[in-house]
Amino acid sequence: MSDYHLFRWANNLAARHDGFEDPLKAYVRVSEIIFALGLVALFVFFAPRIRRAAVAAGLSAGLALLVAHFLAAAIDRNRPFVDHPHAHLFLSHGADPGFPSDHATAAFAIAVVLVLRLGLRWLPVLVAAAALAVSRVLVGVHYPADVLAGAVLGTAAAVAVCVLAARFGPRLLATRPRMAARAGFLAER
C-alpha cells in the first residue's frame, strides 16, 4: 500500500467517526505542551537520576529537531492537504514542508531517552509518542512516511545522546564538580 493510500484510509477513517476524531484533534493540539511540561516537571520535581534523563531527553529533542529542520528544507515534501485538496483537514495548519514530522521527531526523541535511561516503566511515554504520530496522520497534516521518518530520526537522536552521555558524561562531570553538584548530578538517589 502506498503512502498516499495509507494516508487516505486513515484520514477517511477519522472522517467517518466523529467521536474518534475530536479526541485526536484535542491531543494533537496539546501534545507539544504535554511533552514540554512533562520534561520540565521531571527536571524540577524529581531525583537527580530522573533530572539527568530529562536533560538528555531535551538535548535529544533539540538535536533531532535541528536535523529535521535541514531535512525538511532539503526534501521540501508537501503536506497531504496541499497535494490532495479533498483530504479531510481537521485542524488548521500551515503549508510548510511536512517531512519529517517535527512533532513525531521530538516526541520519540524524548520518549526513547526516558525508556533507555529510566527503564521499561516509561513505556507509556513511548505509547503517547506513537499515538501522537498516528493522530497527526488521522487529522490530515502528515503522510505516514512523515511521522515514521520523525520516529526514526527521534529514536536515532535519543540513542546518540544516550551513548554520548554514557561515554563522556562522567568525564565532563568530573571536571566540573561544583556545576555538577549544583545541578544535582553527583548525588545519586
*Which of the residues that make up the range 16-28 are surrounded by 12 or more Cβ atoms within 10 Å (Cβ to Cβ), closer than 15 Å to Val134 by Cβ and either touching an Asp or Glu at 6+ places or on another chain (Cβ under 9 Å) or not aliphatic (A, V, I, L, M) (or both)?*
His17, Phe20, Glu21, Lys25, Tyr27
_Tally, over the range 132-144, of residues that are buried (at least 19 other Cβ atoms within 10 Å of the Cβ), part of a helix (DSSP H, G or I) and either of a type in the set (A, V, I, L, M, F, W, C) or touching a Lys or Arg at 6+ places or on another chain (Cβ under 9 Å) (or both)_ = 5
*Can Ala129 be described as modelled with pLDDT of 95 or more, part of a helix (DSSP H, G or I) and either of a type in the set (Asp, Glu) or surrounded by fewer than 20 Cβ atoms within 10 Å (Cβ to Cβ) (or both)?*
no
*Return a yes/no flag: does the range 10-32 have any residue that is in contact with a Pro (Cβ under 6 Å, 6 or more places away or on another chain) and in contact (Cβ under 8 Å) with a residue 24 or more places away in the chain.*
no
*Say we look at the range 62-118 and pick out the residues that are of a type in the set (Ser, Thr, Tyr) and surrounded by 18 or more Cβ atoms within 10 Å (Cβ to Cβ); which of these is nearest to Ile33 (Cα to Cα)?*
Thr105
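The values are calculated or read from the model by the stated rules, or taken from the named source; none is laboratory data. No experiment lies behind these values; they were computed from the predicted model shown. With ideal geometry, Cβ positions are generated from the backbone for all residues, glycine too; neighbour counts draw on all protein chains shown.
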